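Here's the structure we're looking at; comments come further down.
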Amino acid sequence: MSSFPSRAICIEQHGGIELMKLVNVTVGEPGPGEIRIRHHAVGLNFIDVYQRSGLYQLPMPLQLGMEAAGVVEAVGAGVTHLQLGDRAAYASQPPGSYCERRVMPAKCVCKLPDAISFETGAAMMLKGLTAQYLLKRTLPQGGLQAGDFVLFHAAAGGVGLIACQWARALGLQLIGTAGSDSKCALAKAHGAAHVVNYASEDFLGRVKEITGGKGVKVVYDSVGKDTWDKSLDCLAPFGLMASFGNASGPVAPFAPGILGPKGSLYVTRQTLFTHISTRESTQAMADDLFEAVTSGKVTIRIDQRFALEDVQQAHRDLEARKTTGCTILTL
């Protein structure tokens, strides 16, 4: 059986940045339902930090990374939507994208339109599909209509800047929060109707002021512990609290009984991988994302590029909140 060389970033145990090592591995032929892909660029995401640190526990040893773009080198039995030589991109379980090539399940890999570069494809899949399921599938009672207010935390991050643009295209009044004036300006430039620096302003007070005391229909929150309590108080009656990350740490347990007096609120914890659990759902969401990007409604902003061997510095900057937009590893 043939084998092919690859460099990959692996960890032997959960913990700090220094545990990530660049190693030489060999990759075989794809089995049924799998492909082998040669990466051209790899995306970085906060979930990579959670998986490395152990906030999300995974079996060891572990090859990190959840998204990338490249060229299909081989196709296993039963795969019909991809062919040898196709340009492709993905956000997918299991982890393992921090590498030159890999064998992986084909169901979440999508053919990449010619109009989208490998770097853009690698930067946009996990974050863009996340923005897609939030704004199109994670909706408050009665849905969202043009003119409705939504609150989006970490609006200058990779998911946030995509969501700002997409929300503007949908006619939504997105209130974006970020931790500095420069990040707020970035969110505003990308379509946020209003911005709040939550390091220097009380975002609850500002949201009430902006909405005339009514609150927002939905809060999209990837920050977690630091924003949770005030976010609930930003919601209008029957509003939806949509948690999709824990950048500041996991949310503490809370009593469901508090949701009644606050306005009969809804709470959900979303994850992309439920939404892309089938080939059909993955492709439908990706087609929506590809259309948003190729039409110009959404521009994918890559603000940081690191070589694969510099992955430790990439994680350091990500955890220190030094990054904006998307970050990629180049090969």
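None of the figures in this text is laboratory data; all of them are computed from the coordinates on show. Worth saying up front: this structure is predicted, and the values here are computed from it rather than measured. FYI the Cβ positions are ideal-geometry reconstructions off the backbone, even for glycines, and counts take in every protein chain you see.
Tell me, yes or no, whether the stretch 242-259 has at least one residue that is of a type outside the set (Lys, Arg), loosely packed, with under 13 Cβ neighbours inside 10 Å and at positive phi. Yes: the stretch 242-259 contains one or more residues that are of a type outside the set (Lys, Arg), loosely packed, with under 13 Cβ neighbours inside 10 Å and at positive phi. Among residues of the stretch 302-331 that are farther than 15 Å from LEU64 by Cα, those with a beta-carbon under 7 Å from a residue that is polar (S, T, N, Q) and not in a strand (DSSP E or B) at least six positions away or on a different chain give the pairs ASP303/THR323; ASP303/THR324; GLN304/THR323; PHE306/GLN313; ASP317/THR323. Applying the set (1) closer than 20 Å to GLY147 by Cβ; (2) surrounded by fewer than 20 Cβ atoms within 10 Å (Cβ to Cβ) to GLY239 leaves exactly one unmet item: (2).
The selection criterion, being among the acidic types (Asp, Glu) and under 17 Å from the mean Cα position of the chain (by Cα), holds for GLU119.
Taking the criterion of being within 16 Å of ARG316 (Cβ to Cβ), aliphatic (A, V, I, L, M) and in a strand (DSSP E or B), the only residue of the stretch 18-30 that qualifies is LEU22. Only one of (1) touching a Lys or Arg at 6+ places or on another chain (Cβ under 9 Å); (2) under 24 Å from GLY249 (Cα atoms); (3) touching a residue at least 40 places away in the same chain (Cβ under 8 Å) fails for ALA74. Which number is that? All conditions pass for ALA74, except number (2).
The numbered conditions (1) part of a loop (DSSP other than H, G, I, E, B); (2) over 18 Å from the mean Cα position of the chain (by Cα); (3) free of Cβ contacts under 8 Å to residues at least 12 places away in the same chain are all true for SER277 except (2).
The criterion of at least 2 residues that are touching a Phe, Trp or Tyr at 6+ places or on another chain (Cβ under 7 Å) and closer than 22 Å to GLY325 by Cβ is met, among strands (runs of 3 or more DSSP E) falling completely within the stretch 31-129, by 34-43, 67-75.
Check the stretch 203-217 and report whether any residue there is β-branched (Val, Ile, Thr), surrounded by 15 or more Cβ atoms within 10 Å (Cβ to Cβ) and in a loop (DSSP other than H, G, I, E, B). Yes.
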